[in-house]
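Read the structure below first, then the notes.
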Amino acid sequence: MIKCTKRLAIKSKRNLESVKILVVGNGGREHAIVWTLLQSPQVTQVLCVPGNGGTATMERCQNLSFRVDDFAGIARFAEVNGVSLVVVGPELPLSLGIVDYLQNRNIPVFGPTRAGAQIESSKTWAKAIMEEAGVPTPKSATFTDLTTARAYIEQQGAPIVVKADGLASGKGVIVAETLLDALTAVELLFAQNYEKLLIEEFLVGQELSVLAITDGKTIRSLLPAQDHKRIGDGDTGANTGGMGAYAPAPLGTPALMTRIQNEVLEPTLVKLKQKGIDYRGVLYAGLMISPTGDLKVLEFNCRFGDPETQAILPLLATPLVELLMACTEQRLAALPPIEWKSAVSTCVTIAAQGYPANYERGKVIAGLDAANTEGTTVFHAGTQLTQNRVVTDGGRVLGVTSTAPDFATAIERAYQGVRLITFEGMYYRQDIGQKAL
């Protein structure tokens, strides 16, 4: 890992001595972005739309009561209040075109346009991009009706993977172990009004998350991370938005990261440019690495990952504000290499009982101050500040992130923090980070 060294100052086209940033979103990812931005002394204030119970209690941070799709309201506020940069966290406003709207008002914004966001909002569009760019990806087929989808599954057999072609908050992928599971999955997803399904070959290996930032010309990867998507210990049960993560994942060796840069990130960016898409923001590749070292891209996302961001950003030494502004101003190539702290991290997600299905809200959370100690930060996801009390307000409620010189210590510290927190029905996996050991 790169150790911190004295950095060269890169001047922005805008004054970086006093920066006000607006962050769109209300999850753990956004809390981590806000927390990291506020580490920079030049960031005077961060505004969150709409934010959560964690951002509501941070110094130099203010929650705003706009919806993430209220583009006009967000734009007016940014113009009137001298916002230097808008950072869009979730995929929904990106897919609806918030970047296009703000750019048309000459408001600097970090994130891809609606055309670029298709790389996440349409799995079939993303698959076509990969195939045209020569990016390794699993064999698949696209279906718009139940009858042909069922026939294909019966021909291919199981295990097999069924994916909804659209945004599904990380829960639109069903790994079907049996033929019956697969047939049930296509019926379920078509019944949820998805117009297209992608049916993909099942791969064996370990998943790796590689988040990269790009200004449309240059692309640089962040530290590799591993997410834990299944709800249960030992990677069992239903898929979720992510039950924890750690970074840098040992699986992402320097040699493998070089391959991913050359075989995945660079060709994809070239193909996007060929299609006339000026992609500025995060390009997140979810990969499967086989036991023999083969790599294939399972999916692309158009934004910072959640919970990977909560594991990656606490290790960042380069000021985040400099990276984001360099991307929006297309001068990423002029920046020195991204620097990282000599540490590792583990993030454990605490969820509400019943997640990823039905769950209750409004449960009072205790122990947050005790869990926030040196080396451990509690990032809020599904929370709300109500009458000076923090209560649950989502399926994934909190992410407890610890940094340490080694994974054994980081894991131990994270779970120490988790055990200090209580709310009715709280649930978390007991094995986050074990693969790193």
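Quick notes
- Share antiparallel - DSSP beta bridges, the chain, percent rounded to 5: 80
- Computed packing ranks the peptides 378-391, 249-262 as 378-391, 249-262, most packed first, by mean other Cβ atoms within 10 Å.
- Estimated from the Cβ-Cβ distance and a Förster radius of 22 angstrom, the FRET efficiency linking Ala370 and Asp233 is about 0.30.
- For the listed peptides 111-117, 22-28, a ranking on the average number of other beta carbons within 10 Å per residue, highest first, reads 22-28, 111-117.
- Fully extending the segment from Ser18 to Asn106 would add 29.8 nm, taking 0.36 nm per residue of separation and subtracting the current Cα-Cα distance.
- Distance between the 7 Å Cα→Cβ label points at Thr258 and Thr147: 5.4 nm.
- Packing rank of 291-298, 423-430, where each peptide gets the mean count of other beta carbons within 10 Å, highest leading: 423-430, 291-298
- Think of segment 211-327 as having a plus end and a minus end, set by charges on the Cβ of Lys, Arg, Asp and Glu; of Gly281, Pro319, Gly234, Gly281 sits farthest toward the positive end of this dipole.
- Mean-position separation - Cα centroids, segment 123-186 and segment 201-257, in angstrom: 20
- When shorter helices are ignored and each DSSP H run of at least 4 residues is given -39500 (n - 2.57), the per-residue value for the chain at 222 nm works out to -8000 deg cm²/dmol.
None of the figures in this text is laboratory data; all of them are computed from the coordinates on show. From a predicted model like this one, the values you see are computed outputs, not experimental measurements. A quick note on method: Cβ atoms are made from the backbone with ideal geometry, for glycine too, and the neighbour counts reach across all protein chains shown.
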